[in-house]
1. Once the Cα gyration tensor of segment A:3-69 is found, what semi-axes does its equivalent ellipsoid get, as square roots of 5 times the eigenvalues, in whole Å, sorted largest first?
2. Just how many % of Cα pairs in segment A:189-254 lie over 20 Å apart, if you round to the nearest whole percent?
3. For A:50-56, what's the mean count of beta carbons from other chains sitting within 10 Å of each residue's beta carbon?
4. Count charges around A:ARG203 for me, please; just the other residues with Cβ under 10 Å from its Cβ, Lys/Arg as +1, Asp/Glu as -1.
5. If amide H atoms are built 1.01 Å from N in the plane of the peptide, which residues on other chains or at least 5 residues away come under 5 Å of the amide H of B:LEU43?
6. Can you list the residues, at least 5 places off or on another chain, whose amide H is less than 5 Å from the amide H of A:ILE192, using H built in the peptide plane?
7. If you take each beta carbon of peptide A:31-40 and count the beta carbons of other chains within 10 angstrom, what is the mean?
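Quick note: the coordinates plus some simple rules give every number you see, no bench work behind them. As the structure is a prediction and not an experimental result, all values here were calculated from the model. Positions of Cβ are backbone-derived with ideal geometry, glycine not excepted, and every protein chain shown enters the neighbour counts.
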Amino acid sequence: MSGRLRRALADLACRTLQATLPPSLQSWGWAVRCETAEIPNDTKALLFALGSLCGLMPRAVASLLLYPFASFIGDGALSSGGSLTMNVFDAAMRRPRVVGIACAIGSVALGLAYMAIAGAPARYLVINVGALVVGLTLLALLGRTTQTGQHPAYWTLTAMAGTLLDPGKSENAVDLAPWVQISAKAPPTLIIHAMNDPVDDIRHPMAYALALNNAGVPVDMRLYAKGGHAFGMRRTADPITTEWPAQVKQWLQTIGML
Amino acid sequence: MILATLLDARGQWSHGYELAQLADVKSGTLYPLLIRLEAQGYLEAEWQQPTEGGRPPRHAYRLTASGVQLAHDNPPGQTTKPVVRRREATV
């Protein structure tokens, strides 16, 4: 790479940095550019410019992403020149309701992403978006009266938050995802599982077995304390590895296949 | 390390590239630190006009009184002293 090209790339890196930095940090963009120009060695100048770009880019991109919310989260929060974290923190302290709404939208978005990945039907996604809309509407209605000092609205909001915090299920609740339906035509099923399976939680086969049973499908289940995931024919100290083939044979005889 | 290097300057102005060399840090580490130090009032920054024509101005830095105190309170650990000889920034 020729010296002129290296110099041109260094200049390009500096200009990119300047174009990305928020107005409050523009002087630092110029500082990097002028400093790079002062370095006599072309390679070192290029490395200096690229290093600065990489170091400051996260801050610049974060400012760009937050810029549309600048008027929303606080007056001049992003132009005061302080550290970004402190600015966001200060703005959050001043506008707790905005933070709450942002958290609600974020959590619903994460939930939608999870359900989309898990293959939930579209109506479940719509229901969750609807819940967010209902929540925001209630907040808009009740929140306004709270500002005028009506305490019942405050307690209503607290109670609503409380119901959200209590999922109403214990840790060992075993249910299939609500959109998974088990057909009564499913074949007789044998489930062999180890409690210490690190991949598939023991609640999954239990939920499956209960759902099959509810649908009237015969289910046989053998559970072991140890065995891990994907135990096979290779013998280990765990009884599951030696016992399961005979259990399959016995089960096949039970359902009349052998 | 940056603080120690700035403290070594004893109130003289330093420049970015020089600081990066003396403190043995990359520019990507240096500038975010300088920005934070300046925002918190530990660092003073000024633009210096070039002594000869055709050269760009330079951004120069030195510790404020609270910055000197901060540097004294936070001496660098068992790091080796940089071998590069210090060259004072020219105004």
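1. Ellipsoid semi-axes (Å, largest first): 24, 10, 8.
2. Values: 646 of 2145 pairs.
Summing the P(r) tail past 20 Å for segment A:189-254 gives 30 percent.
3. On the way: counts 3, 8, 9, 3, 4, 10, 5.
Across A:50-56, the average partner-chain Cβ count within 10 Å equals 6.
4. Summing Lys/Arg as +1 and Asp/Glu as -1 gives -4.
5. B:GLU38, B:THR64
6. HN-HN under 5 Å from A:ILE192: A:ARG222.
7. Mean shielding by partner chains, rounded to a whole number: 6.
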